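Any read-out appearing in this document is the output of simple, stated calculations on the displayed coordinates, not a laboratory observation. Keep in mind that this is a model prediction, so the values were computed, not measured. Neighbour counts run over all protein chains shown; Cβ positions are idealised from the backbone, glycine included.
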């Protein structure tokens, strides 16, 4: 099944993801549009929304994930200032398009991105986000200024 998404700028208007096997199996899906990462999380699966809400910023890192044999993947860290923030790893086949090098945030600049979290009931959360690259994931490091 191909995941289809209808956009209105950064807002996700409609998707068939909720009826997909990915959602039924508890996999999250990431869509990118108009400066916004949109994380689709089926209810009762993945990181609880309460844990995500504790974050002040989201760190999104692109790199290979050699542990599972993936050439490209993303790591999403919900940075709450603790030593053990919540995180998700997503293989590229669960992302509608991978961000490119020119999308990266630069040290000393404010976050350029937004991450919105959606479930079947609509948008649940919106946080500032930063995008970077790493030699591999898991990376699990704080943003370095």
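Remarks
- Residues satisfying the stated conditions in the stretch 109-128, i.e. crowded, with 17+ Cβ neighbours inside 10 Å and more than 22 Å from residue 22 (Cβ to Cβ): 113, 127
- The residues listed here are 17, 27, 71; of these, the one that is buried (at least 19 other Cβ atoms within 10 Å of the Cβ) and free of Cβ contacts under 8 Å to residues at least 24 places away in the same chain is 17.
- Among the residues making up the stretch 36-65, those that are surrounded by fewer than 19 Cβ atoms within 10 Å (Cβ to Cβ) and more than 20 Å from residue 99 (Cβ to Cβ) are 43, 44, 45, 47, 48, 49, 50, 51, 53, 54, 56.
- Given (1) touching a helix residue (DSSP H, G or I) at 6+ places or on another chain (Cβ under 9 Å); (2) surrounded by fewer than 13 Cβ atoms within 10 Å (Cβ to Cβ), index of the condition residue 131 fails: (2)
- Every listed requirement among (1) touching a strand residue (DSSP E or B) at 6+ places or on another chain (Cβ under 9 Å); (2) surrounded by fewer than 19 Cβ atoms within 10 Å (Cβ to Cβ); (3) not in a loop (DSSP other than H, G, I, E, B) is met by residue 136 save one, (3).
- In the stretch 97-108, the condition of being within 12 Å of the chain's Cα centre (by Cα) and closer than 20 Å to residue 23 by Cβ is met by at least one residue.
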